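The structure appears right after this line, and notes come after that.
What follows is calculated from the coordinates using simple rules that are stated; it is not laboratory data. Everything numeric in this text was worked out from a predicted model, so none of it was measured. In this analysis, Cβ positions are derived from the backbone assuming ideal geometry, glycine residues included, and neighbour counts consider all displayed protein chains.
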Amino acid sequence: MEFGVPSPTFNILATLALLNIFIFIGGITMVISDVENKAIDLFTSQIVLSGLIVLINLPVYEGLFFRKDSGRIPNSVTYKSLIVSLVSYLPVDGAVEIWSWIGMFFAELWFSFYWFITQLVRWNPIYRYTFKDRLSQRYEKDLPGVDIFVCTADPEIEPPTMVINTVLSMMAYDYPPEKLSVYLSDDGGSDLTFYAMLEASRFSKHWLPFCKKLKIQPRSPEAYFRTALEPLDDPNKAKEWLFVKKLYMDMKFQIEATTKLGKVPEEIRKEHKGFREWNFISSRRDHQTILEIRVSSRLSNSPIILNVDCDMYSNNSYSVRDALCFFMDEEKGREIGYLQYPQAFENITKNDIYCNSLNIEMEVDFPGIDGNGGPLYIGSGCFHRREALCGRRYSNENKVEWKEVNDRKVKESAGVLEEVCRILASCTYEANTEWGKEMGLKYGCPVEDVITGLSVQCKGWRSMYFIPERKGFLGLAPTTLLQTLVQHKRWSEGDLQILITRHSPFLLGHKRIPLKLQLSYCIYLLWATSWFAVLYYLVVPPLCLLRGISLFPKLSSPWIQSFAYAIFANRAYGLVEFVWSGGTIQGWWNGQRIWVFKRTTSHLFGFFDAIRKLLGFSASTFVITTKVAEEDVSERYEKEKMEFGVSSPMFNILATLALLNMFSFVGGIKMLIMDVESKVLDLLALQIILCGLLVLINLPIYQGLFFRKDSGRMPTSVTYKSIIVSLLACSVALY
């Protein structure tokens with residue numbers, strides 16, 4: 001049968017066909033579930049009629065869903081007929097009921113679509129292993145140079161002691177020292193950080209030999225001495241151990257004292273000419289180019305680059321050798337643009353109160369994305385091929401002769417090199433160049449790492465993901481709820497910016513990367529768009545419960561089995577997956593709570609900020625997550641008490657939703673108690689259960705609103721506002 005073009009006639013035919021198949025399926029379901037055989041007596045003729053109409057319309061169904069030729073029914077007709085037939089088949093009456101049900105239907109569609117994307121990502125995971133001994137046997141003399149970049153920006157929220165621990169751990173890699181170059185990129189241009197680096201360079205003369213002699217892990221002094229025990233079995237080793245520890249503690253004390261003072265003493269400034277650069281600045285944000293923040297392309301120019309955040313110290317001294325097992329692979333190594341390590345954190349509480357461990361993303365999602373074409377670049381713990389990061393396209397003719405790469409020498413004199421590097425490090429060097437566009441990290445997006453990785457992949461390079469047995473890098477996760485929500489707001493905002501601009505994987509990646517990889521990006525790029533479905537579920541069902549409007553199947557309906565199975569199977573699978581990834585049952589429950597919190601606050605604000613940016617009403621900003629916390633905040637975090645403490649629009653939303661669901665749950669229980677015929681239980685059971693679950697999820701909110709007395713409680717202003725708004729919403733629903 002030929003269709004081919006849109007037509008009002010086809011709209012009518014398709015709508016009637018779909019309406020009858022929905023009715024026929026509903027009738028068959030009623031007959032199957034009717035134990036008393038009343039339905040078959042009452043509705044046999046109507047079911048038979050609908051069945052005959054379904055048979056008559058078989059060519060229409062083929063044209064709607066199964067045919068691929070040009071004679072099929074156009075997509076526009078399919079969409080219109082689906083919408084009209086579903087609205088016609090609504091299981092409720094009344095304007096409020098109809099619109100509430102339609103909203104629930106589209107929310108369920110969104111959840112189903114996102115579930116499909118998630119399953120696509122997890123369908124084909126890849127887990128990789130390395131053989132470092134073979135690397136040493138084949139290439140030990142030809143190992144390439146590696147440039148390591150440690151990035152910091154503000155000594156107040158990224159303490160210099162933390163920065164130097166990261167730098168020292170990188171310097172101590174089990175790798176030929178003459179082939180390692182470590183650079184500190186300090187965007188804040190802080191003399192305090194420079195002073196800390198000066199002290200660290202002195203301490204490194206003792207620390208690096210100590211690490212290699214005792215073969216210790218990890219090689220961050222702070223992390224090592226916090227957990228290691230003095231080697232009492234060997235007096236000589238014990239003496240050396242105590243000596244190095246004392247050196248470190250003295251250095252740490254000096255740096256922290258200077259940082260607290262806020263300036264470097266004059267006697268120390270005279271020790272190094274580098275401090276002269278701060279004699280001509282008016283603020284930390286207004287500084288000259290500081291040569292000590294080197295530009296590697298004119299100094300070491302190593303073919304492999306590792307970048308890490310200043311809090312991400314090396315936890316595995318063999319990470320460089322692991323990475324080179326991929327880059328130096330004789331068959332596929334030349335194709336690799338970057339190798340991403342998992343992000344892991346050392347300060348996660350036992351039950352991961354803020355769900356910051358990213359276990360599911362790192363242990364499940366990323367291996368799946370790797371199987372679909374290559375992981376995202378996530379900003380830290382990533383090894384890059386220099387030529388890929390600098391904008392070069394992949395070619396099958398790319399062949400790296402590692403020995404020739406290592407023979408490159410810097411020919412300029414020290415004076416010439418100093419001036420050249422000063423120019424390269426200046427803020428004006430990149431003006432009117434391809435840096436930030438086609439070369440290096442991409443600018444203008446809160447998640448510059450993701451967009452940079454996508455650009456590398458679209459130029460033909462492969463990316464890989466590697467989970468070592470011993471974690472490669474350990475960092476610091478946010479220790480308050482607001483920090484967590486703000487961080488996820490930035491991520492979701494930036495991801496949505498990528499999706500709705502020319503940098504979308506569907507535009508930039510069209511015919512450049514596999515479709516399954518384009519879809520895999522959506523698991524994160526669609527974060528910000530998930531707010532509507534989740535917020536709808538948290539607002540409309542409780543309000544409808546107060547009005548006695550049922551939005552879910554009755555307990556007596558056979559459809560309740562489908563709902564129960566979908567809910568139980570999904571949550572049970574998620575629990576097993578979380579525990580398999582190293583979490584606890586309580587940690588999984590905390591994850592469900594943060595899932596709700598993020599989607600109703602972080603993703604909501606991220607969505608609207610991305611739209612404002614697209615329309616030109618605001619500019620992109622980058623908020624650095626603080627790496628320090630007050631002592632009382634740290635104590636509450638370790639005890640897994642949720643931190644509020646300050647006023648925020650995000651807390652207003654969370655508190656209002658929590659109270660709304662509590663009031664509706666109480667109202668639902670009251671209706672159950674007063675209902676002598678048990679109609680309410682049959683009609684509204686699922687909505688009452690939903691509100692009850694949300695009340696359990698929000699228990700820390702209620703504690704912060706009404707019961708806690710410490711400084712981490714919910715501010716009084718938030719309490720008053722949320723009570724007023726939630727009561728007003730309940731009043732409108734009731735009257």
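Could you order the peptides 117-127, 19-29, 371-381 from most to least packed, using the average number of other C-beta atoms within 10 Å per residue?
So the order, starting with the most tightly packed, is 371-381, 19-29, 117-127.
Taking neighbour Cβ counts within 10 Å as the exposure measure, how do 461, 491 sort from fewest upward? Kindly include the intermediate steps, with their values, before the conclusion.
Details: 461 24, 491 21.
Ranking 461, 491 by Cβ neighbours within 10 Å, fewest first, gives 491, 461.
Taking 0.36 nm per intervening residue step and subtracting the Cα-Cα distance, what contour gain separates residue 263 from residue 126 on full extension? All intermediate terms of the calculation are to be shown ahead of the outcome.
Values: separation 137, 0.36 × 137 = 49.32 nm, distance 4.99 nm.
Roughly 44.3 nm would be gained on extension.
Apply 1/(1 + (r/R0)^6) to the Cβ-Cβ distance of residue 68 and residue 118, taking R0 = 22 Å, and write down the FRET efficiency to the nearest 0.05. Intermediate results must be reported in sequence, preceding the final value.
Details: r = 27 Å, r/R0 = 1.22.
In this case the efficiency is close to 0.25.
Nearest 10 degrees, 0 to 90: what angle lies between the long axis of helix 448-458 and the longest principal axis of the chain (Cα atoms)?
The angle comes out at about 80 degrees.
Label the stretch 8-89 by shape, choosing from rounded, prolate and oblate, from the square roots a ≥ b ≥ c of the eigenvalues of the Cα gyration tensor; if a/c is under 1.5 it is rounded, and otherwise prolate applies when a/b is larger than b/c, oblate when it is not.
Values: a/c = 2.84, a/b = 2.35, b/c = 1.21.
Judged from the Cα gyration tensor, the stretch 8-89 comes out prolate (a/c at least 1.5, a/b above b/c).
Please work out the FRET efficiency for the pair residue 666 and residue 329, using the Cβ-Cβ distance as r and a Förster radius of 60 Å; give the result to the nearest 0.05. The partial results should precede the final answer.
On the way: r = 63 Å, r/R0 = 1.05.
For R0 = 60 Å, the calculated efficiency reads 0.45.
Enter the angle in degrees (range 0 to 90, nearest 10) between the Cα long axis of helix 8-33 and the first principal axis of the Cα atoms of the chain, meaning the one along which they spread out most.
80 degrees
If you add up the charges near residue 459, with Lys and Arg at +1 and Asp and Glu at -1, over every other residue whose beta carbon is less than 12 angstrom from its beta carbon, what do you get? Before the final figure, lay out the partial values.
Numbers: positive: 385, 392, 393, 462, 512; negative: 335, 387, 438.
Around residue 459, the surrounding residues sum to +2.
Count neighbours as other Cβ atoms within 10 Å of each site's Cβ, and list the GluC sites (Glu not before Pro) in the stretch 113-221 that are DSSP loop with at most 10 such neighbours.
none
What 222 nm value per residue comes from the helices of the chain, counting each DSSP H run with n ≥ 4 as -39,500 (n - 2.57) and dividing by all residues, nearest 500 deg cm²/dmol?
Numbers: 28 runs with 388 residues, N = 735.
After summing the helix terms and dividing by residue count, I get -17000 deg cm²/dmol.
Would you grab the residues whose amide H sits under 5 Å from the one on residue 307? Only those 5+ places off in sequence or on another chain, please, with H modelled 1.01 Å from N.
149, 381, 382, 384
Can you tell me the relative contact order of the stretch 8-89? Whole percent, Cα pairs under 8 Å, sequence separation 6 or more.
Numbers: 64 pairs, mean separation 41.0, N = 82.
It rounds to 50 percent for the stretch 8-89.
For a protection proxy built on the mean count of beta-carbon atoms within 10 angstrom, sort 666-678, 341-353 highest first, please. The partial results should precede the final answer.
Values: 666-678: 13.0, 341-353: 19.9.
The packing order, highest mean first, is 341-353, 666-678.
With point charges of +1 on the Cβ of Lys and Arg and -1 on the Cβ of Asp and Glu, referenced to the Cα centre of the stretch 8-89, which listed residue (78, 18, 42) lies farthest in the positive direction of the dipole?
Farthest along the dipole direction, towards plus: 78.
What angle do you read, to the nearest 10 degrees and between 0 and 90, between the alpha-carbon axis of helix 191-214 and the longest principal axis of the chain?
That works out to roughly 80 degrees.
Computed FRET efficiency, Cβ-Cβ of residue 435 and residue 56, R0 51 Å: what is it to the nearest 0.05? Don't jump to the answer; show the numbers that get you there.
Values: r = 66 Å, r/R0 = 1.29.
With R0 = 51 Å, the Cβ-Cβ based efficiency is 0.20.
In nm, to one decimal, how far is the residue 728 label point from the residue 469 one, both placed 7 Å along Cα→Cβ?
6.1 nm
Compare the Cα positions of 248, 278, 261 along the charge dipole of the chain (+1 at Cβ of Lys, Arg; -1 at Cβ of Asp, Glu; about the Cα centre) and return the one farthest towards the positive end.
It is 278.
Evaluate the relative contact order of the chain (contact order divided by residue number), counting alpha-carbon pairs under 8 angstrom at least 6 apart; express in whole percent.
Numbers: 1048 pairs, mean separation 108.0, N = 735.
Rounded, it is 15 percent for the chain.
Under 5 Å between amide H atoms, partner at least 5 residues away or on a different chain: which partners does residue 526 have, H built in plane at 1.01 Å?
none
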